[in-house]
Amino acid sequence: MKASFTPQALLTRLAPFGAVPRYWVAYSGGLDSSVLLHALIQLRPHLPGTAAPDRIQAVHIDHGLHPDSAAWSEHCAAQCAALAVPLHREHLTTPPAAGESIEAWARAARYAVFQRLLAPSDLLLTAHQRDDQAETLLLALLRGSGPHGLAAMPVAAPLGAGQLVRPLLDFDRHTLADYAAQQGLDWRDDPSNAHTAFDRNYLRHQIMPLLRARWPAATATLARSARHCAEAADWIDQQADLALAEVRGMSPGTLTLTPLTQLDRPVRKAVVRRWLMERGFRPPEMPMLDRVLDELPAARPDANPCVTWTGCEVRRYRGALFALAPLPRPPSPELSLTWQIDGTASVLELPPGYGRLECVHCPDAAPILMQIRFGQLGHGCRTSAKRPRHSLKQCLQTAGIPVWLRAHLPLLFQDEQLLAVAGVSACQNANIAHPARLTLRWSGFDWETDWPQLGQVLEVTVRTQP
Ligand SMILES: Nc1ncnc2c1ncn2[C@@H]1O[C@H](COP(=O)(O)OP(=O)(O)OP(=O)(O)O)[C@@H](O)[C@H]1O
């Protein structure tokens, strides 16, 4: 006999999370999330912790993709008012980027809102149920995913400062529909759920009924397979973490290539996957992971290899692997910004993403005029009075600045003389007329957390205006 859904069953699934400060219900206005919200409200006096009236809140995102979406949003507001639940509504106005899948855009935008709302230890509850889980497993299988993909959706996962929890994964769509009918719930069906042009809808409407006709328990058994894969994936992660500890590089967040390449290939894959996740990136599909494992170690020693996918690039420099957010296109070498310092603290805003240069200690003598340029790497610089003058390329090599970063460093000039490379080194120039020293810091650039050493303060000798 199939288990019915009750608020008590929901309470059992939420109990392991203890006294949660706030439950946010992701409320689309559809059947499943209407059931979730209604059942949670019935539990209000029984949830562990205080019974503060606003401990349960709903959140609805109006993606603006359907002509009726504003009406659905109003429906959600009316239902929440009837249940005395505060509703946070957001209407998305930024359209998807050209070529971006609408589903992926809507999903990313939705989760960005959820993430922003969660305070520490809050839960965001979504109404994914067992049929969704079975479909997710089949879709992963058809994409050729490995155990992590076949683990489908976990019951709980970190989300921002809190957690994403799916407490309905043990219940199928019919069971939730029975509850909705018994309680006389009012919900809205999104007509796009019927469009079989979308893979998930095709599975739901064409394939799953066939599977269930032959194997009546198909939904339950597929979801069980997902749980087995989740256990296997957990075990792989634990083993990978042990191996990861052995191949960490000297610089924080890097991997050392030689010990990595000595690991068996499946272990290597698992390690790189864990490392990417630890660095805050979604691991890519297998073919991309294969490219990371094959192309980066095999590239010529003097090459600057890079494997890149949306939001991440993996690079090699001096025997170490770096996983980084892609850098913007470097400013043109033609760009020349003028920075005038007049004896008081002074800040120069650089192009977007490049932060600012700050004169932390300015000489209060006469004014100073400098030019800031990028990518003019043909100049020379003597980094210490005891050293000969070297090409900028050699200076940057000595400082361990990877090739791909070099065109992104602000270079300080007076006329055609290089004074300093921001964050890296000041040049010791002889014969500077009316010299003065200023203390300079570069900060606020987008990749600052990856390269904290570029925030170092430099003492720069400059020519003051007579
Ligand atoms: N517009 C929305 N506003 C708030 N919550 C939503 C919205 N759309 C979906 N949700 C939440 O996400 C759950 C799953 O919805 P749906 O199956 O449509 O999304 P999905 O794209 O398949 O899943 P995922 O959200 O994991 O990408 C819903 O039950 C609901 O809890």
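Table for the structure above
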quantity	calculated
Neighbour net charge for SER73 - beta-carbon separation under 12 angstrom, K R +1, D E -1	-2
Karplus 3J(HN,Hα) series, Hz, for region 215-225 with 6.51 cos²θ - 1.76 cosθ + 1.60 (x for Gly, Pro)	10, x, 8, 3, 4, 5, 6, 5, 5, 5, 4
For region 155-203, convex hull volume per residue from C-alpha positions, Å³	146
Cα lying deepest toward the dipole's positive end in the chain, options LEU321, PHE374, HIS148, charges on Cβ	LEU321
Exposure proxy ranking, count of Cβ atoms within 10 Å, fewest first, for LYS386, LYS393, LYS269	LYS386, LYS393, LYS269
5 angstrom amide H check on VAL360, placed H, neighbours 5+ away	THR439, LEU440, ARG441
Exposure proxy order (Cβ contacts within 10 Å, fewest to most) of THR464, THR258	THR258, THR464
For the chain, diffusion coefficient by Stokes-Einstein and Kirkwood Rh (Cα), 10 °C, 1.306 mPa s, µm²/s	60
Relative intensity, log₁₀ I(q)/I(0), of region 27-148 from a Debye sum that treats every alpha carbon as a point, q = 0.11, 0.15, 0.21 Å⁻¹	-0.47, -0.85, -1.34
Where only alpha carbons of region 248-324 are counted, the Rg and the Dmax (Å)	11.2, 29
Net charge of Cβ neighbours under 9 Å - reference GLY29; Lys, Arg +1; Asp, Glu -1	0
Inter-part distance where region 276-319 and region 184-261 are each reduced to a Cα centre, Å	23
Simple spin-label estimate for ALA303 and GLN42 in nanometres, 7 Å along Cα-Cβ	6.2
Cα long-axis angle, helix 265-278 against the chain (0 to 90 degrees, to the nearest 10)	80
Using alpha carbons only: equivalent-ellipsoid semi-axes of region 7-227, gyration tensor based, whole Å	26, 22, 18
Dipole of the chain [Lys/Arg +1, Asp/Glu -1 at C-beta], most positive-end residue of LEU293, ALA233, HIS361	LEU293
ARG318-GLU278 FRET efficiency (beta carbon distance; Förster radius 22 Å; 0.05 resolution)	0.55
DSSP-defined beta bridges in the chain - what % are antiparallel, rounded to 5	75
Under 13 Å, Cβ to Cβ, from THR254 - net charge with Lys/Arg +1 and Asp/Glu -1	+3
Extreme residue, positive dipole direction of the chain, given options VAL421, MET277, LEU31 (C-beta unit charges)	VAL421
In degrees, nearest ten, helix 173-182 long axis to first principal axis of the chain (Cα)	60
FRET efficiency estimate (nearest 0.05) - Cβ-Cβ, GLN206 to LEU185, R0 30 angstrom	0.60
Cα-based equivalent ellipsoid of region 271-412: semi-axis lengths in Å, sorted from largest, via gyration tensor	36, 19, 13
Exposure proxy order (Cβ contacts within 10 Å, fewest to most) of TRP187, TRP442, TRP275	TRP187, TRP275, TRP442
Peptides ranked, highest mean first, by Cβ atoms within 10 Å: ranges 33-43, 95-105	33-43, 95-105
Region 7-227 - charge dipole about Cα centre, Lys and Arg +1 at Cβ, Asp and Glu -1, debye rounded to 20	640
ASP172 long-range amide H proximity, modeled H, under 5 Å	ARG130
Modelled FRET efficiency - R0 45 Å, ASP342 with ASP241, Cβ distances, 0.05 increments	0.25
Taking all pairs of distinct alpha-carbon atoms in region 337-463, Kirkwood radius in angstrom	14.7
Residues in region 111-154 reached by a label modelled at HIS91 [backbone nitrogen below 15 Å; 7 Å Cα→Cβ]	none
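We did not get these values from a lab; they are worked out from the coordinates using the rules stated. Here the structure is a predicted model, which is why all the values come from computation and not from measurement. Neighbour counts are summed over all protein chains in view; Cβ atoms, including those assigned to glycine, are modelled from backbone coordinates with ideal geometry.
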